[in-house]
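Below: the structure, in C-alpha cells.
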Amino acid sequence: MTYIWLLLAAPWLAPLLAALPALRREGWRVYAAVAAAVLGLSIAAAVYSPALDALGRLLVPLVGVVGCLTMLASRGPLHGLEDERQQRFYLLWLTAFWWSLLLVALSRNLGVSWLGIELTTITSAVLVAISRQRAAVEAAWKYVILCSLGLLVALLGLLLIYGLNAHAGDATLSGLDFRALHAHARELVPGTVRVALIFLTVGLGTKVGFAPLHTWLPDAHSEAPAPVSGLLSGVLLSLALVVLWRTELALAPAAGPSFGNDLLLGFGFLTVVVATPFLLVQLDIKRLLAYSSMEQMGLIAIGLGVGSRLAVVGALGQIVIHALVKSGLFFVAGDILQTFRSKKLPRFPGLLASQPRLGWLWLLGMLTLAGLPPLPMFPTELAILLALFAKTALLGWLLLFALGAIFVGLAHYVIESTLGAQRPSRARFAPGRSWAGALLAFALALPLGWLLPTLLFQSFSLLATGR
C-alpha cells in the first residue's frame, strides 16, 4: 500500500512547492518535475504493489503517462490563457483532475470508483470553463448538469447493489469491492441486479459518451484547453467504461452471463452509428476529435460486450493506444490553434508545407486513428472486428461498413489539411511546445500497438477475473 499512498500524495507537492516565494516564477517547471515523479511512482506501483490487480497494472501507468505528457504539453501560454495568474490556476486544477483520474484507476471498489468519477466531473468542468469565454462557460454547465444527472442515476444503481448486499448480510463498503461482488453475486436477487445494471450503464454511460447521452462531449472537448481535451478524451472516457465493465463482470453470476454484455453491445453499436455521420461532416478539428472519441468508445464497448478473449484483448489494447494517440492529436490541435488562431480545417490547408512539424504529427496521428495498417490501431481494431464476426456475421458487416465510412472521412480530412494547396496566412508558430508531448505519445503508441495485444492475451485470465 505504500506505493498507493505515495502516488495519491505526490501530485499535491506541485502546488505546495510552486507556492513558495523562491519557486513562484518556476511554476510550470515545478509541476513538470513533480509530474515526472508521479509517472515514476505509477510505474513502480504497477510493478511492485500487490494492492493492484491486473487491470490496475494496465491503467495506472497509462494515467501516469498521459497525465505527465499533458503537464508537459501545458508549457507556456495556451490559447485563451495568456494571463500568468490564469496559468497558475489552470495548473492547480489540472493537478486535481489528474489526481481524481489516478483515484479511479487505483480503485477496486465500485463506491470509490463512483466517487472518483464524480470528482473528475467537478475538476474537469473548471478546466473546461477556465478561459471564461461564453461558449466555454456554457459547455462547462452543460457538462456538469448532464454528467451529474447521469451519475445520480448510476448512484441509484449503486445503492440498489448496496441494499442487496446489506440484505445478504454485508452492509460494509468493502462489500462493494469488485472481487467481493463477484464472490457473493449468486446470493443477490437477479431481477434487482439487472435493474441496477441498467441504471449503472445509463449513468456511467453518460460519462463514457454513449449515444444518446453524449451531447455534452463535443462541446466540452472543443472548449477546454487542448491538453485538457486530451486527458478528457484519452483517459476519462475509457476509465468510466472500464468501471462499468468491471461492475458487469462482477455481477454476471446474478444478472446472467450475457445481460451486461448485451447492454455494452447495444450502446456500443448505437454510439458508433450516431458518431459516424458527425465525423463525416465536421470541420472543427477539436469537435472532429471529440466525435472520434465517441466512436472509439463505442468500438471498445463492442469489444468488451462480445466478451471473447480476442475481443477483450482488442478492446483493452484499443484503450491504451487510443489514450496515447488521441491525447497526442489534441496536443497538435492546440498548437494548430495557437498558430492559425482557428479550429476550422479550411483555414490551414497544406500543413506539411507551412508547418512541417505539426503537419507530419497530424498526418501520423490521423492515419493511426483511421486504422491504417500497419499503424498501431490496426491490430486492436482488427481483433475486435474478427471477434464480432465470430459471434455474429451481420453485426460484423455493419461495423465494418461504419469503420470503412470513418476511414474515408478521416482520410479526406488528412488530405485536405496536410496535402492541400497552401494559402497565404499570417500564421505564426505557437509559443507553446505541445507538439513535443505528441511526439512522445506517438513514439510510445507505435510499438505498443503490436506488442500489447500479445502481452494482454497472455494475461487474459487475470484481466477478466480482476486478480
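Derivation of every value follows stated rules applied to the coordinates shown; laboratory data play no part. Note that the structure is a prediction, hence the values are computed from the model and not measured. So basically every Cβ, Gly included, is an ideal-geometry build from the backbone, and we count neighbours across all protein chains shown.
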Report task. Any chance you could count the Lys pairs in the chain whose alpha carbons are under 20 Å apart, treating pairs 8 or more apart or on different chains as valid? Result -> 9
Query raised in the report: So what's the angle, to the nearest 10 degrees on a 0 to 90 scale, between helix 285-306 and the longest Cα principal axis of the chain?
Result: 20 degrees
Report task. Would you calculate the separation in nanometres between label points at V408 and L6, each defined as 7 Å from the Cα along the Cα-to-beta-carbon direction? Result -> 5.4 nm
Report task. Starting with the fewest neighbours, write out E381, E223 ranked by other beta-carbon atoms found within 10 Å of each beta-carbon. Result -> E381, E223
Query raised in the report: For the stretch 400-415 and the stretch 204-283, what is the separation of their Cα centres, given in Å?
Result: 20 Å
Report task. Note the angle between two axes, namely the Cα long axis of helix 377-391 and the longest principal axis of the Cα atoms of the chain, as a number of degrees from 0 to 90, rounded to the nearest 10. Result -> 30 degrees
Requested in this report: Enter the Cα centre distance for the pair the stretch 52-126 and the stretch 10-30, rounded to the nearest angstrom.
Outcome: 17 Å
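Rounded to the nearest 0.05, what FRET efficiency do L395 and D284 have when you use their Cβ-Cβ distance and R0 = 51 Å? Let's see the in-between values first.
Details: r = 31 Å, r/R0 = 0.61.
That pair, L395 with D284, gives E of 0.95.
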Requested in this report: State the label only: which of (i) 22.1; (ii) 24.3; (iii) 28.4 corresponds to Kirkwood radius over Cα pairs in Å computed from the shown model?
Outcome: (i)
Query raised in the report: What area, in nm² and to one decimal, does the C-alpha convex hull of the stretch 164-217 cast on average over all directions?
Result: 4.4 nm²
Report summary line: Pseudo-spin-label distance R25 to V195, built 7 Å along Cα→Cβ, given in nm, is 6.4 nm
Query raised in the report: Where does the chain land at 222 nm, in deg cm²/dmol rounded to the nearest 500, when only DSSP H runs of n ≥ 4 count, each adding -39500 (n - 2.57), divided by all residues?
Result: -25000 deg cm²/dmol
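Listing R179, R246 from the residue with the fewest other Cβ atoms within 10 Å to the one with the most, what is the order?
On the way: R179 16, R246 22.
Least to most surrounded, the residues fall as R179, R246.
DSSP loop (so not H, G, I, E, B), at most 15 other Cβ within 10 Å: list which GluC sites (Glu not before Pro) in the stretch 46-138 pass both filters.
On the way: sites: E82, E84, E118, E138; in loops: E82.
Those satisfying the criteria are E82.
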Report summary line: Rounded to the nearest 10, the angle in degrees between the Cα long axis of helix 84-106 and the longest principal axis of the Cα atoms of the chain comes to 30 degrees
Query raised in the report: Using the 10 angstrom Cβ neighbour count as an exposure proxy, how do L8, L316 rank, fewest first?
Result: L8, L316
Query raised in the report: Got a sec? Charge dipole of the chain, +1 on Cβ for Lys and Arg, -1 for Asp and Glu; which of L369, L452, G303 is way out at the positive end?
Result: L369
